[in-house]
Amino acid sequence: MFRFSFLSLIYLLSNYSPQYLCLQENYYWRQYTGDVPKDAVVGGQDINHKNIYIGQAYVQNEGLIVAQIFPKIREVYAPINGIKKIQNHIKILCGPYENFYWASANSSKLHLQLIGQHAVIGGHEDGHGVINIGRISYEGETKIGKINSFRTETAAFFFNKNQKEAFVNSYEILLYRENSYDIDARSKTVAASK
């Protein structure tokens with residue numbers, strides 16, 4: 001019995017991508033309950049210069065959708081086929097903040113801009129594909145939303161604009177820098193390179 005279970009575990013780990021195991025490199029999605037974890041990734045600031053965070057919400061029959069999280073507020077508004085208010089099944093992006101960075105992007109050239117880059121997966125739209133995490137500066141604050149990267153040459157950024165779904169074609173996309181290390185055999189130190 002133990003042998004069968006062990007072999008099954010090895011099979012699962014070798015045949016499924018990290019996305020299905022909820023382990024994505026050195027970052028992950030943690031259940032959001034209203035309290036912001038210490039390792040949560042800051043997405044920008046609101047109009048009052050308070051941090052906002054990157055969320056992921058399950059929208060029934062739609063998918064896992066990127067949403068903006070405000071600390072202490074247990075609901076998010078997901079931009080998909082309008083704006084959906086979600087109060088359950090919300091996660092917050094966590095990981096080593098220094099490895100995340102934002103890059104300018106354009107909807108018609110996103111697929112070319114991402115060559116050789118590690119775009120952070122923000123979720124998926126049922127029946128369509130993977131979405132990435134984007135942001136814009138809008139009316140003095142940051143807006144976090146989804147990038148429909150499954151649409152090769154029309155990968156627009158969708159966000160909540162006053163309780164209405166809006167989109168733009170120029171935005172920033174969240175990327176992740178892998179840690180790599182330079183080891184000098186003459187030294188007793190290891191230097192991180194970026």
Counting Lys and Arg as +1 and Asp and Glu as -1, each charge on the Cβ, what is the dipole of segment 26-176 about the Cα centre in debye, to the nearest 20?
200
Counting only residues 5 or more places away or on other chains, whose amide H sits under 5 Å from the amide H of ARG177 once H atoms are built in the peptide plane?
PHE100, TYR101
Which lysines, on any chain, are close to LYS146 with Cα under 25 Å apart, when same-chain ones fewer than 8 places away are left out?
LYS38, LYS50, LYS72, LYS84, LYS85, LYS91, LYS109, LYS161, LYS164
Fewest to most neighbouring Cβ within 10 Å: what's the order for GLU153, GLU141?
GLU153, GLU141
Apply the a/c threshold of 1.5 to the C-alpha gyration tensor of segment 26-176 and tell me whether it is rounded, prolate or oblate.
rounded
Just how large is the dipole of segment 35-99 about the Cα centre, in debye to the nearest 20, putting +1 at every Lys and Arg Cβ and -1 at every Asp and Glu Cβ?
180
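We did not get these values from a lab; they are worked out from the coordinates using the rules stated. Just so it is clear, the model here is predicted, and its values are computed rather than measured. FYI the Cβ positions are ideal-geometry reconstructions off the backbone, even for glycines, and counts take in every protein chain you see.
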